[in-house]
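Participant: What follows is a structure written as C-alpha coordinates; I'll ask about it next.
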Amino acid sequence: MSTDTDAFEEKLAAILKRRIPGCRELLKAERLSGGASQETYRLVIGTDAGERRLCMRRAPGGIFIPAEQRINPGLATEALLMRCARDVGVPEPEVHYVLEQSDGLGEGFVMEWLEGEALGARIVRSPEFEALRPRLAYECGKVLARIHGIDLEATGLASRLKATTPETYVRQTWERYQAFHTPQPMIDFAGRWLLEHLPDNPRMALVHNDFRNGNFMVNADGIVAVLDWEVAHIGDPMRDLGWICTNSWRFGNAAKPVGGFGDYADLFRGYEEVSGQAVDPAQVKFWEVFGSFWWAIGCLGMAEHYRVGPDQTVERPGIGRRSSECQVDCANLLIPGPVRLVEPRDLKASDDMPRIDELLVSVRDFLRDDVMAATSGRLNFLSRVAGNSLDIVLRELERGDACRADELARLQVLFGSRDDLSTLRWRLTRGLRDGSIPLDMPGLAEHLRITVVNQLAIDQPRYPGLQTALAPNG
(Lines give C-alpha, C1' and ligand atoms only; values in the text may rest on other atoms or scores of the structure.)
Protein backbone atom coordinates (compact mmCIF):
# COMPACT_ATOMS: atom_id res chain seq x y z
CA MET A 1 0.00 0.00 0.00
CA SER A 2 1.39 3.37 -1.00
CA THR A 3 2.20 6.16 1.43
CA ASP A 4 -0.40 8.39 -0.30
CA THR A 5 -3.07 5.75 0.22
CA ASP A 6 -2.07 5.31 3.84
CA ALA A 7 -2.30 9.05 4.46
CA PHE A 8 -5.66 9.28 2.69
CA GLU A 9 -7.19 6.44 4.71
CA GLU A 10 -5.71 7.73 7.98
CA LYS A 11 -7.27 11.17 7.47
CA LEU A 12 -10.55 9.65 6.34
CA ALA A 13 -10.70 7.30 9.34
CA ALA A 14 -10.16 10.19 11.74
CA ILE A 15 -12.98 12.17 10.11
CA LEU A 16 -15.40 9.25 10.19
CA LYS A 17 -14.70 8.43 13.84
CA ARG A 18 -15.20 12.08 14.73
CA ARG A 19 -18.27 12.80 12.59
CA ILE A 20 -20.21 9.53 12.17
CA PRO A 21 -21.95 8.46 15.40
CA GLY A 22 -20.89 4.96 16.49
CA CYS A 23 -18.00 4.67 14.03
CA ARG A 24 -15.05 2.86 15.59
CA GLU A 25 -12.85 2.27 12.54
CA LEU A 26 -12.57 2.47 8.77
CA LEU A 27 -12.40 -1.07 7.41
CA LYS A 28 -12.29 -0.34 3.68
CA ALA A 29 -12.30 2.57 1.24
CA GLU A 30 -12.90 1.33 -2.32
CA ARG A 31 -12.92 3.71 -5.23
CA LEU A 32 -15.63 2.77 -7.71
CA SER A 33 -15.40 2.89 -11.49
CA GLY A 34 -17.40 5.50 -13.36
CA GLY A 35 -17.89 9.12 -12.42
CA ALA A 36 -15.76 11.04 -14.90
CA SER A 37 -16.09 14.36 -13.11
CA GLN A 38 -16.00 13.25 -9.45
CA GLU A 39 -14.55 10.40 -7.40
CA THR A 40 -16.95 7.98 -5.71
CA TYR A 41 -15.97 5.64 -2.87
CA ARG A 42 -17.71 2.81 -1.11
CA LEU A 43 -16.70 2.96 2.56
CA VAL A 44 -17.07 0.15 5.07
CA ILE A 45 -16.86 1.17 8.72
CA GLY A 46 -16.94 -0.83 11.92
CA THR A 47 -19.52 0.08 14.58
CA ASP A 48 -20.72 -1.47 17.81
CA ALA A 49 -23.63 -2.91 15.80
CA GLY A 50 -21.38 -4.40 13.12
CA GLU A 51 -20.20 -3.34 9.66
CA ARG A 52 -21.93 -0.44 7.92
CA ARG A 53 -21.58 0.93 4.41
CA LEU A 54 -21.28 4.61 3.52
CA CYS A 55 -20.60 6.48 0.30
CA MET A 56 -18.18 9.36 -0.27
CA ARG A 57 -18.21 11.71 -3.23
CA ARG A 58 -15.02 13.72 -3.68
CA ALA A 59 -13.44 16.15 -6.14
CA PRO A 60 -10.78 14.53 -8.36
CA GLY A 61 -7.43 14.41 -6.61
CA GLY A 62 -8.88 15.79 -3.40
CA ILE A 63 -8.67 19.48 -4.27
CA PHE A 64 -10.59 22.59 -3.32
CA ILE A 65 -11.58 24.80 -6.25
CA PRO A 66 -11.89 28.54 -5.52
CA ALA A 67 -15.43 29.84 -6.02
CA GLU A 68 -14.35 32.22 -8.79
CA GLN A 69 -12.91 29.32 -10.81
CA ARG A 70 -15.96 27.08 -10.63
CA ILE A 71 -18.00 26.04 -13.63
CA ASN A 72 -20.42 23.96 -11.55
CA PRO A 73 -21.82 24.70 -8.08
CA GLY A 74 -19.35 22.47 -6.22
CA LEU A 75 -19.75 19.50 -3.92
CA ALA A 76 -20.73 21.46 -0.81
CA THR A 77 -23.63 22.94 -2.76
CA GLU A 78 -24.41 19.52 -4.23
CA ALA A 79 -24.70 18.18 -0.67
CA LEU A 80 -27.01 21.07 0.23
CA LEU A 81 -29.16 20.35 -2.83
CA MET A 82 -29.54 16.73 -1.77
CA ARG A 83 -30.45 17.72 1.77
CA CYS A 84 -33.03 20.24 0.55
CA ALA A 85 -34.52 17.71 -1.86
CA ARG A 86 -34.72 15.08 0.88
CA ASP A 87 -36.52 17.58 3.11
CA VAL A 88 -39.35 17.95 0.58
CA GLY A 89 -39.78 14.22 -0.03
CA VAL A 90 -37.43 13.60 -2.95
CA PRO A 91 -35.78 10.17 -2.56
CA GLU A 92 -32.18 10.95 -1.54
CA PRO A 93 -29.47 9.40 0.62
CA GLU A 94 -28.89 11.17 3.91
CA VAL A 95 -25.81 13.40 3.79
CA HIS A 96 -23.87 12.79 7.01
CA TYR A 97 -20.93 15.16 6.67
CA VAL A 98 -19.50 17.72 4.24
CA LEU A 99 -15.69 17.83 4.15
CA GLU A 100 -14.00 21.00 5.35
CA GLN A 101 -10.75 22.39 4.00
CA SER A 102 -9.05 21.66 7.32
CA ASP A 103 -9.80 17.95 6.88
CA GLY A 104 -7.11 17.75 4.22
CA LEU A 105 -9.10 15.56 1.82
CA GLY A 106 -10.40 18.21 -0.56
CA GLU A 107 -14.01 18.88 -1.50
CA GLY A 108 -16.55 16.18 -0.86
CA PHE A 109 -19.17 14.71 1.41
CA VAL A 110 -20.05 11.44 3.11
CA MET A 111 -23.55 10.06 2.73
CA GLU A 112 -25.75 7.05 3.26
CA TRP A 113 -25.09 4.01 1.05
CA LEU A 114 -28.18 2.97 -0.91
CA GLU A 115 -28.74 -0.13 -3.04
CA GLY A 116 -30.49 0.05 -6.38
CA GLU A 117 -30.16 0.05 -10.16
CA ALA A 118 -28.98 3.15 -12.04
CA LEU A 119 -28.15 1.72 -15.48
CA GLY A 120 -30.73 3.11 -17.90
CA ALA A 121 -30.69 0.14 -20.28
CA ARG A 122 -31.48 -2.26 -17.45
CA ILE A 123 -34.29 -0.06 -16.18
CA VAL A 124 -35.78 -0.14 -19.70
CA ARG A 125 -35.31 -3.87 -20.37
CA SER A 126 -34.81 -5.92 -17.20
CA PRO A 127 -37.70 -8.24 -16.21
CA GLU A 128 -37.00 -7.16 -12.62
CA PHE A 129 -38.58 -3.77 -13.35
CA GLU A 130 -41.47 -4.94 -15.52
CA ALA A 131 -44.06 -3.98 -12.90
CA LEU A 132 -42.34 -0.65 -12.18
CA ARG A 133 -42.05 0.69 -15.72
CA PRO A 134 -45.77 1.49 -16.29
CA ARG A 135 -45.82 3.81 -13.25
CA LEU A 136 -42.27 5.16 -13.36
CA ALA A 137 -43.01 8.17 -15.60
CA TYR A 138 -45.78 9.23 -13.21
CA GLU A 139 -43.36 8.91 -10.29
CA CYS A 140 -40.73 10.95 -12.17
CA GLY A 141 -43.29 13.71 -12.68
CA LYS A 142 -44.02 13.85 -8.96
CA VAL A 143 -40.32 13.89 -8.04
CA LEU A 144 -39.61 16.73 -10.47
CA ALA A 145 -42.50 18.77 -9.10
CA ARG A 146 -41.07 18.44 -5.60
CA ILE A 147 -37.62 19.52 -6.82
CA HIS A 148 -39.04 22.54 -8.64
CA GLY A 149 -41.03 23.54 -5.56
CA ILE A 150 -37.96 23.92 -3.31
CA ASP A 151 -37.82 27.40 -1.77
CA LEU A 152 -34.59 28.89 -3.14
CA GLU A 153 -34.45 31.78 -0.69
CA ALA A 154 -35.27 29.86 2.49
CA THR A 155 -32.72 27.15 1.69
CA GLY A 156 -29.94 29.56 0.74
CA LEU A 157 -29.70 28.04 -2.76
CA ALA A 158 -30.52 31.35 -4.44
CA SER A 159 -27.10 32.72 -3.53
CA ARG A 160 -25.23 29.53 -4.50
CA LEU A 161 -26.67 28.74 -7.92
CA LYS A 162 -26.48 30.57 -11.23
CA ALA A 163 -29.70 31.73 -12.89
CA THR A 164 -29.91 30.93 -16.61
CA THR A 165 -32.77 32.00 -18.87
CA PRO A 166 -33.77 29.81 -21.84
CA GLU A 167 -32.33 32.35 -24.28
CA THR A 168 -29.00 32.50 -22.46
CA TYR A 169 -28.81 28.71 -22.33
CA VAL A 170 -29.46 28.38 -26.08
CA ARG A 171 -26.99 31.11 -27.02
CA GLN A 172 -24.22 29.78 -24.75
CA THR A 173 -24.64 26.27 -26.16
CA TRP A 174 -24.72 27.48 -29.77
CA GLU A 175 -21.62 29.63 -29.22
CA ARG A 176 -19.76 26.64 -27.81
CA TYR A 177 -20.44 24.71 -31.02
CA GLN A 178 -19.45 27.63 -33.25
CA ALA A 179 -16.02 27.65 -31.60
CA PHE A 180 -15.38 24.17 -33.06
CA HIS A 181 -15.24 25.65 -36.60
CA THR A 182 -17.18 22.82 -38.25
CA PRO A 183 -20.19 23.37 -40.54
CA GLN A 184 -23.09 21.27 -39.22
CA PRO A 185 -26.15 22.99 -40.71
CA MET A 186 -28.72 20.87 -38.84
CA ILE A 187 -27.30 22.13 -35.55
CA ASP A 188 -27.56 25.72 -36.76
CA PHE A 189 -31.13 25.12 -37.98
CA ALA A 190 -32.06 23.80 -34.52
CA GLY A 191 -30.34 26.75 -32.83
CA ARG A 192 -32.30 29.22 -34.94
CA TRP A 193 -35.56 27.35 -34.30
CA LEU A 194 -34.95 27.41 -30.55
CA LEU A 195 -34.30 31.16 -30.50
CA GLU A 196 -37.46 31.73 -32.53
CA HIS A 197 -39.58 29.59 -30.19
CA LEU A 198 -38.35 30.62 -26.73
CA PRO A 199 -40.84 30.03 -23.87
CA ASP A 200 -42.83 33.14 -22.96
CA ASN A 201 -41.92 34.41 -19.48
CA PRO A 202 -41.16 31.01 -17.91
CA ARG A 203 -41.22 30.82 -14.14
CA MET A 204 -37.76 30.41 -12.63
CA ALA A 205 -37.17 27.53 -10.24
CA LEU A 206 -34.55 25.02 -9.16
CA VAL A 207 -33.59 22.88 -12.17
CA HIS A 208 -31.77 19.59 -11.61
CA ASN A 209 -30.56 19.87 -15.23
CA ASP A 210 -29.57 16.21 -15.65
CA PHE A 211 -32.67 14.34 -14.48
CA ARG A 212 -32.91 11.40 -16.87
CA ASN A 213 -32.96 7.64 -17.03
CA GLY A 214 -29.52 6.65 -15.78
CA ASN A 215 -29.28 9.50 -13.27
CA PHE A 216 -31.68 8.13 -10.71
CA MET A 217 -31.54 4.85 -8.84
CA VAL A 218 -34.50 2.48 -8.65
CA ASN A 219 -35.52 -0.79 -7.08
CA ALA A 220 -38.62 -2.84 -7.83
CA ASP A 221 -40.74 -0.46 -5.74
CA GLY A 222 -39.72 2.86 -7.30
CA ILE A 223 -37.10 5.60 -7.26
CA VAL A 224 -34.56 5.17 -4.46
CA ALA A 225 -32.40 8.25 -5.09
CA VAL A 226 -31.94 11.14 -7.51
CA LEU A 227 -28.26 11.33 -8.50
CA ASP A 228 -25.77 13.80 -10.02
CA TRP A 229 -26.79 17.30 -8.97
CA GLU A 230 -23.54 18.86 -10.17
CA VAL A 231 -25.05 20.94 -13.01
CA ALA A 232 -28.13 22.24 -11.14
CA HIS A 233 -29.11 25.85 -11.75
CA ILE A 234 -32.03 28.24 -11.50
CA GLY A 235 -34.04 28.32 -14.71
CA ASP A 236 -37.11 27.10 -16.56
CA PRO A 237 -38.26 23.91 -14.77
CA MET A 238 -39.62 22.48 -18.02
CA ARG A 239 -35.97 21.89 -18.95
CA ASP A 240 -36.06 18.83 -16.68
CA LEU A 241 -39.25 17.44 -18.25
CA GLY A 242 -37.85 17.87 -21.76
CA TRP A 243 -34.50 16.31 -20.86
CA ILE A 244 -35.94 13.05 -19.55
CA CYS A 245 -37.89 12.76 -22.83
CA THR A 246 -34.87 13.34 -25.08
CA ASN A 247 -34.41 10.36 -27.39
CA SER A 248 -30.78 9.79 -26.38
CA TRP A 249 -31.97 8.71 -22.92
CA ARG A 250 -34.62 6.21 -24.08
CA PHE A 251 -32.01 3.45 -24.41
CA GLY A 252 -33.36 2.04 -27.65
CA ASN A 253 -37.08 2.17 -26.79
CA ALA A 254 -38.13 5.20 -28.84
CA ALA A 255 -41.81 4.24 -28.53
CA LYS A 256 -41.77 5.27 -24.86
CA PRO A 257 -40.74 8.94 -24.85
CA VAL A 258 -40.16 9.27 -21.10
CA GLY A 259 -36.83 7.56 -20.47
CA GLY A 260 -37.73 4.61 -22.68
CA PHE A 261 -40.25 3.39 -20.11
CA GLY A 262 -43.23 5.79 -20.03
CA ASP A 263 -45.55 8.20 -21.77
CA TYR A 264 -45.84 11.98 -21.77
CA ALA A 265 -49.33 11.88 -20.26
CA ASP A 266 -48.18 9.99 -17.17
CA LEU A 267 -45.18 12.29 -16.63
CA PHE A 268 -47.36 15.38 -16.95
CA ARG A 269 -50.09 13.95 -14.70
CA GLY A 270 -47.64 13.22 -11.88
CA TYR A 271 -46.12 16.69 -12.22
CA GLU A 272 -49.45 18.52 -12.25
CA GLU A 273 -50.85 16.60 -9.27
CA VAL A 274 -47.96 17.63 -7.01
CA SER A 275 -47.11 21.08 -8.40
CA GLY A 276 -50.58 22.41 -9.21
CA GLN A 277 -48.98 23.80 -12.40
CA ALA A 278 -50.36 22.86 -15.84
CA VAL A 279 -47.74 21.47 -18.21
CA ASP A 280 -47.59 23.02 -21.69
CA PRO A 281 -46.55 20.22 -24.09
CA ALA A 282 -45.16 22.78 -26.54
CA GLN A 283 -42.79 24.08 -23.87
CA VAL A 284 -41.65 20.53 -23.09
CA LYS A 285 -41.07 19.96 -26.82
CA PHE A 286 -38.88 23.07 -26.88
CA TRP A 287 -36.66 21.55 -24.20
CA GLU A 288 -36.73 18.13 -25.86
CA VAL A 289 -35.39 19.77 -29.04
CA PHE A 290 -32.85 21.63 -26.91
CA GLY A 291 -31.78 18.34 -25.30
CA SER A 292 -30.86 16.84 -28.67
CA PHE A 293 -29.29 20.14 -29.80
CA TRP A 294 -27.22 20.28 -26.58
CA TRP A 295 -26.05 16.67 -26.79
CA ALA A 296 -25.25 16.95 -30.53
CA ILE A 297 -22.83 19.71 -29.56
CA GLY A 298 -21.61 17.76 -26.53
CA CYS A 299 -20.64 14.86 -28.79
CA LEU A 300 -18.65 17.20 -31.03
CA GLY A 301 -16.96 18.45 -27.86
CA MET A 302 -15.66 14.91 -27.29
CA ALA A 303 -14.05 14.96 -30.74
CA GLU A 304 -12.57 18.37 -29.92
CA HIS A 305 -11.05 16.90 -26.75
CA TYR A 306 -9.35 14.29 -28.94
CA ARG A 307 -7.96 16.92 -31.30
CA VAL A 308 -6.61 19.35 -28.73
CA GLY A 309 -6.42 17.32 -25.51
CA PRO A 310 -6.47 16.62 -22.68
CA ASP A 311 -8.07 13.22 -23.42
CA GLN A 312 -6.90 11.52 -26.63
CA THR A 313 -8.30 8.05 -26.01
CA VAL A 314 -9.97 6.04 -28.77
CA GLU A 315 -13.33 6.68 -27.11
CA ARG A 316 -13.45 10.42 -27.86
CA PRO A 317 -13.69 10.44 -31.68
CA GLY A 318 -16.15 7.55 -31.52
CA ILE A 319 -18.47 9.62 -29.32
CA GLY A 320 -17.94 12.56 -31.66
CA ARG A 321 -19.57 10.58 -34.45
CA ARG A 322 -22.68 10.19 -32.30
CA SER A 323 -23.57 13.82 -32.97
CA SER A 324 -25.52 12.63 -36.00
CA GLU A 325 -27.84 10.65 -33.71
CA CYS A 326 -28.94 13.84 -31.98
CA GLN A 327 -29.11 15.77 -35.23
CA VAL A 328 -31.52 13.18 -36.62
CA ASP A 329 -33.58 13.52 -33.44
CA CYS A 330 -33.79 17.27 -34.10
CA ALA A 331 -34.83 16.58 -37.70
CA ASN A 332 -37.50 14.10 -36.60
CA LEU A 333 -38.94 16.66 -34.17
CA LEU A 334 -38.72 19.75 -36.39
CA ILE A 335 -38.75 18.70 -40.05
CA PRO A 336 -40.19 15.18 -40.41
CA GLY A 337 -40.86 13.87 -43.88
CA PRO A 338 -39.85 11.31 -46.48
CA VAL A 339 -36.17 10.54 -46.88
CA ARG A 340 -34.01 8.26 -48.99
CA LEU A 341 -30.68 6.55 -48.40
CA VAL A 342 -27.90 6.46 -50.98
CA GLU A 343 -26.96 3.11 -52.46
CA PRO A 344 -23.84 1.69 -50.76
CA ARG A 345 -20.78 0.79 -52.81
CA ASP A 346 -19.87 -2.91 -52.97
CA LEU A 347 -16.39 -3.03 -51.46
CA LYS A 348 -16.03 -6.66 -52.50
CA ALA A 349 -16.09 -5.64 -56.18
CA SER A 350 -12.44 -4.56 -55.97
CA ASP A 351 -9.74 -6.71 -57.62
CA ASP A 352 -7.24 -5.82 -54.90
CA MET A 353 -5.91 -8.63 -52.78
CA PRO A 354 -6.32 -8.09 -49.91
CA ARG A 355 -9.10 -5.59 -50.32
CA ILE A 356 -9.31 -2.58 -48.01
CA ASP A 357 -12.43 -3.98 -46.34
CA GLU A 358 -10.56 -7.22 -45.60
CA LEU A 359 -7.77 -5.30 -43.89
CA LEU A 360 -10.23 -3.35 -41.76
CA VAL A 361 -12.35 -6.40 -40.89
CA SER A 362 -9.26 -8.38 -39.89
CA VAL A 363 -8.20 -5.68 -37.42
CA ARG A 364 -11.76 -5.23 -36.13
CA ASP A 365 -12.21 -8.95 -35.53
CA PHE A 366 -8.81 -9.17 -33.84
CA LEU A 367 -9.90 -6.47 -31.40
CA ARG A 368 -13.27 -8.07 -30.73
CA ASP A 369 -12.29 -11.73 -30.68
CA ASP A 370 -8.71 -11.79 -29.41
CA VAL A 371 -8.05 -8.58 -27.48
CA MET A 372 -11.43 -8.54 -25.75
CA ALA A 373 -11.12 -12.21 -24.80
CA ALA A 374 -7.73 -11.53 -23.17
CA THR A 375 -8.61 -8.31 -21.34
CA SER A 376 -11.08 -6.89 -18.85
CA GLY A 377 -12.15 -3.54 -17.47
CA ARG A 378 -11.40 -0.36 -19.37
CA LEU A 379 -9.00 -1.95 -21.88
CA ASN A 380 -11.73 -4.44 -22.80
CA PHE A 381 -14.22 -1.59 -23.21
CA LEU A 382 -11.84 0.48 -25.35
CA SER A 383 -11.17 -2.53 -27.59
CA ARG A 384 -14.89 -2.74 -28.28
CA VAL A 385 -14.98 1.00 -29.00
CA ALA A 386 -12.05 0.65 -31.41
CA GLY A 387 -13.87 -2.13 -33.24
CA ASN A 388 -16.96 0.04 -33.53
CA SER A 389 -14.86 2.87 -34.99
CA LEU A 390 -13.57 0.50 -37.68
CA ASP A 391 -17.18 -0.36 -38.53
CA ILE A 392 -17.79 3.36 -39.07
CA VAL A 393 -14.79 3.48 -41.42
CA LEU A 394 -16.17 0.52 -43.37
CA ARG A 395 -19.57 2.20 -43.76
CA GLU A 396 -17.82 5.46 -44.70
CA LEU A 397 -16.07 3.62 -47.53
CA GLU A 398 -19.39 2.12 -48.65
CA ARG A 399 -21.51 5.27 -48.49
CA GLY A 400 -19.36 8.34 -47.91
CA ASP A 401 -18.57 9.33 -51.52
CA ALA A 402 -22.18 8.92 -52.63
CA CYS A 403 -23.47 10.88 -49.63
CA ARG A 404 -21.14 13.78 -50.33
CA ALA A 405 -21.91 13.81 -54.07
CA ASP A 406 -25.64 13.81 -53.31
CA GLU A 407 -25.23 16.57 -50.72
CA LEU A 408 -23.22 18.70 -53.12
CA ALA A 409 -25.82 18.32 -55.89
CA ARG A 410 -28.63 19.45 -53.56
CA LEU A 411 -26.66 22.44 -52.28
CA GLN A 412 -25.76 23.53 -55.81
CA VAL A 413 -29.46 23.52 -56.71
CA LEU A 414 -30.40 25.24 -53.43
CA PHE A 415 -27.98 28.11 -54.04
CA GLY A 416 -27.81 28.07 -57.85
CA SER A 417 -24.03 27.76 -57.54
CA ARG A 418 -21.22 25.53 -58.80
CA ASP A 419 -19.04 26.04 -55.70
CA ASP A 420 -17.47 23.07 -53.91
CA LEU A 421 -19.02 21.19 -51.00
CA SER A 422 -17.09 22.87 -48.18
CA THR A 423 -17.85 26.36 -49.52
CA LEU A 424 -21.57 25.60 -49.82
CA ARG A 425 -21.77 23.95 -46.41
CA TRP A 426 -20.28 27.06 -44.85
CA ARG A 427 -22.57 29.31 -46.90
CA LEU A 428 -25.60 27.46 -45.53
CA THR A 429 -24.21 27.39 -41.99
CA ARG A 430 -23.40 31.11 -41.92
CA GLY A 431 -26.75 32.00 -43.46
CA LEU A 432 -28.58 30.08 -40.75
CA ARG A 433 -26.47 31.72 -38.06
CA ASP A 434 -26.92 35.31 -39.24
CA GLY A 435 -30.57 34.88 -40.18
CA SER A 436 -30.16 35.63 -43.88
CA ILE A 437 -31.48 32.17 -44.75
CA PRO A 438 -35.08 31.67 -43.54
CA LEU A 439 -35.95 28.36 -41.88
CA ASP A 440 -38.73 27.86 -44.45
CA MET A 441 -36.44 28.34 -47.47
CA PRO A 442 -37.77 26.03 -50.23
CA GLY A 443 -35.80 22.79 -50.31
CA LEU A 444 -33.93 23.46 -47.05
CA ALA A 445 -35.81 21.04 -44.79
CA GLU A 446 -35.58 18.22 -47.32
CA HIS A 447 -31.85 18.83 -47.79
CA LEU A 448 -31.11 18.81 -44.07
CA ARG A 449 -33.24 15.73 -43.44
CA ILE A 450 -31.61 13.70 -46.21
CA THR A 451 -28.11 14.82 -45.20
CA VAL A 452 -28.33 13.95 -41.51
CA VAL A 453 -30.18 10.67 -42.07
CA ASN A 454 -27.54 9.47 -44.52
CA GLN A 455 -24.77 10.54 -42.15
CA LEU A 456 -26.39 8.54 -39.36
CA ALA A 457 -26.55 5.49 -41.65
CA ILE A 458 -22.74 5.71 -41.66
CA ASP A 459 -22.19 6.61 -38.01
CA GLN A 460 -24.73 4.42 -36.19
CA PRO A 461 -27.31 2.61 -38.34
CA ARG A 462 -28.77 0.82 -35.30
CA TYR A 463 -29.84 4.05 -33.60
CA PRO A 464 -33.66 4.04 -33.28
CA GLY A 465 -33.91 7.60 -34.62
CA LEU A 466 -32.87 6.27 -38.04
CA GLN A 467 -35.83 3.87 -38.15
CA THR A 468 -38.10 6.75 -37.08
CA ALA A 469 -36.79 8.91 -39.92
CA LEU A 470 -37.19 6.13 -42.50
CA ALA A 471 -40.70 5.14 -41.42
CA PRO A 472 -43.41 5.86 -44.03
CA ASN A 473 -44.87 8.63 -41.86
CA GLY A 474 -41.40 9.90 -40.79
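The values are calculated or read from the model by the stated rules, or taken from the named source; none is laboratory data. Computed from a predicted structure; not experimentally measured. FYI the Cβ positions are ideal-geometry reconstructions off the backbone, even for glycines, and counts take in every protein chain you see.
Participant: Quick test for you: out of Glu115, Glu92, Glu128, pick the one residue that is outside any helix (DSSP H, G or I) and under 27 Å from Arg269 (Cβ atoms).
Facilitator: On the way: Glu115 fails: under 27 Å from Arg269 (Cβ atoms); Glu128 fails: outside any helix (DSSP H, G or I).
That would be Glu92, the only listed residue that is outside any helix (DSSP H, G or I) and under 27 Å from Arg269 (Cβ atoms).
Participant: I've got another one for you. Which ones in region 416-440 are free of Cβ contacts under 8 Å to residues at least 40 places away in the same chain and crowded, with 16+ Cβ neighbours inside 10 Å? First the steps, then the outcome.
Facilitator: Residues of region 416-440 free of Cβ contacts under 8 Å to residues at least 40 places away in the same chain: 416-421, 423-424, 427, 430-431, 434, 436-438, 440.
Result: Leu424, Arg427, Gly431, Ile437.
Participant: Within region 246-279, can you find the residues that are within 23 Å of Glu196 (Cβ to Cβ) and either within 17 Å of the chain's Cα centre (by Cα) or loosely packed, with under 15 Cβ neighbours inside 10 Å (or both)?
Facilitator: Residues satisfying the conditions are Thr246, Asn247.
Participant: Right, another one. Would you confirm whether any residue within region 209-217 is at positive phi and free of Cβ contacts under 8 Å to residues at least 60 places away in the same chain?
Facilitator: Restricting attention to region 209-217, the residues satisfying the condition of being at positive phi are 209, 214.
If we keep only those that are free of Cβ contacts under 8 Å to residues at least 60 places away in the same chain as well, we get 209.
Yes, region 209-217 has at least one match.
Participant: OK, next. Only one of (1) surrounded by fewer than 17 Cβ atoms within 10 Å (Cβ to Cβ); (2) modelled with pLDDT under 95 is not met by Gly74, so which one is it?
Facilitator: Checking Gly74 against (1) surrounded by fewer than 17 Cβ atoms within 10 Å (Cβ to Cβ); (2) modelled with pLDDT under 95, the one that fails is (1).
Participant: Picking from Asp151, Asp200, which residue would you name as being free of Cβ contacts under 8 Å to residues at least 60 places away in the same chain, in contact with a Cys (Cβ under 9 Å, 6 or more places away or on another chain) and farther than 21 Å from Ile71 by Cα? Talk me through it step by step, then tell me what you get.
Facilitator: Numbers: Asp200 fails: in contact with a Cys (Cβ under 9 Å, 6 or more places away or on another chain).
Result of the check over Asp151, Asp200: Asp151.
Participant: Okay, moving on. Please work out if Arg410 is of a type in the set (D, E, K, R) and out of contact with any His (no Cβ under 8 Å at 6 or more places or on another chain).
Facilitator: Values: of a type in the set (D, E, K, R): yes; out of contact with any His (no Cβ under 8 Å at 6 or more places or on another chain): no.
Against the criterion (of a type in the set (D, E, K, R) and out of contact with any His (no Cβ under 8 Å at 6 or more places or on another chain)), Arg410 does not qualify.
Participant: Give me the pairs, please: first residue somewhere in region 104-126 and touching a residue at least 12 places away in the same chain (Cβ under 8 Å) and among the basic types (Lys, Arg), second residue anywhere and part of a loop (DSSP other than H, G, I, E, B) and surrounded by fewer than 20 Cβ atoms within 10 Å (Cβ to Cβ), beta-carbon distance under 9 Å, and either six or more positions apart or on two chains.
Facilitator: Once the first residue is touching a residue at least 12 places away in the same chain (Cβ under 8 Å) and among the basic types (Lys, Arg) and sits in region 104-126, its partners that are part of a loop (DSSP other than H, G, I, E, B) and surrounded by fewer than 20 Cβ atoms within 10 Å (Cβ to Cβ) give Arg125/Gly252; Arg125/Asn253.
Participant: Kindly indicate whether Ala190 is part of a helix (DSSP H, G or I), crowded, with 20+ Cβ neighbours inside 10 Å, assigned by TED's automatic domain parsing to the domain that holds Arg250 and at pLDDT 95 or above. Give the steps one after another, and end with the answer.
Facilitator: Values: part of a helix (DSSP H, G or I): yes; crowded, with 20+ Cβ neighbours inside 10 Å: yes; assigned by TED's automatic domain parsing to the domain that holds Arg250: yes; at pLDDT 95 or above: yes.
Yes: the conditions hold for Ala190.
Each row is one residue, and each column tells you yes or no for (1) modelled with pLDDT under 95; (2) closer than 25 Å to Ile187 by Cα.
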residue	(1), (2)
Arg364	no, no
Leu367	no, no
Ile392	no, yes
Arg410	no, yes
Leu414	no, yes
Gly474	yes, yes
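Participant: I'd like the full set of residues that are among the hydroxyl-bearing types (Ser, Thr, Tyr) and part of a helix (DSSP H, G or I), limited to region 290-340.
Facilitator: Our first condition is that a residue be among the hydroxyl-bearing types (Ser, Thr, Tyr); within region 290-340, this holds for 292, 306, 313, 323-324.
Matches in region 290-340: Ser292, Tyr306, Ser323, Ser324.
Participant: If a residue has to be among the hydrophobic types (A, V, I, L, M, F, W, C), in a strand (DSSP E or B) and within 16 Å of Lys11 (Cβ to Cβ) to count, how many in region 95-112 make the cut?
Facilitator: First, pick out the residues of region 95-112 that are among the hydrophobic types (A, V, I, L, M, F, W, C): 95, 98-99, 105, 109-111.
Right, trim to in a strand (DSSP E or B) and you get 95, 98, 109-111.
Filter once more, keeping what is within 16 Å of Lys11 (Cβ to Cβ): 98, 109-110.
Matching residues across region 95-112 total 3.
Participant: Failed condition for Val453, given (1) in contact with a Leu (Cβ under 9 Å, 6 or more places away or on another chain); (2) surrounded by fewer than 17 Cβ atoms within 10 Å (Cβ to Cβ), with all others met?
Facilitator: Failed condition: (2).
Participant: Something else: Conditions first: (1) of a type in the set (S, T, N, Q); (2) within 21 Å of Gly116 (Cβ to Cβ); (3) surrounded by fewer than 24 Cβ atoms within 10 Å (Cβ to Cβ). Asn209 passes all but one, so which condition is the exception?
Facilitator: With (1) of a type in the set (S, T, N, Q); (2) within 21 Å of Gly116 (Cβ to Cβ); (3) surrounded by fewer than 24 Cβ atoms within 10 Å (Cβ to Cβ) applied to Asn209, the lone miss is (2).
Participant: Name every residue in region 295-343 that is of a type in the set (S, T, N, Q) and surrounded by fewer than 19 Cβ atoms within 10 Å (Cβ to Cβ), in order of residue number.
Facilitator: From region 295-343, those of a type in the set (S, T, N, Q) are 312-313, 323-324, 327, 332; that's our starting set.
Passing the criteria: Gln312, Thr313.
Participant: Separate question: Does Glu398 qualify as being among the acidic types (Asp, Glu), surrounded by 17 or more Cβ atoms within 10 Å (Cβ to Cβ), touching a Ser or Thr at 6+ places or on another chain (Cβ under 7 Å) and within 30 Å of Lys348 (Cα to Cα)? Spell out the reasoning first.
Facilitator: Numbers: among the acidic types (Asp, Glu): yes; surrounded by 17 or more Cβ atoms within 10 Å (Cβ to Cβ): yes; touching a Ser or Thr at 6+ places or on another chain (Cβ under 7 Å): no; within 30 Å of Lys348 (Cα to Cα): yes.
Criteria not met by Glu398.
Participant: Which of the residues belonging to region 290-313 are touching a Phe, Trp or Tyr at 6+ places or on another chain (Cβ under 9 Å), closer than 20 Å to Phe381 by Cβ and of a type in the set (A, V, I, L, M, F, W, C)?
Facilitator: Hit for region 290-313 is Ala303, nothing else.
Participant: Additional query: On the basis of being touching a Gly at 6+ places or on another chain (Cβ under 7 Å) and either at pLDDT below 95 or not β-branched (Val, Ile, Thr) (or both), does Asp346 make the cut? Spell out how you get there, then give the answer.
Facilitator: Numbers: touching a Gly at 6+ places or on another chain (Cβ under 7 Å): no; either at pLDDT below 95 or not β-branched (Val, Ile, Thr) (or both): yes.
No.
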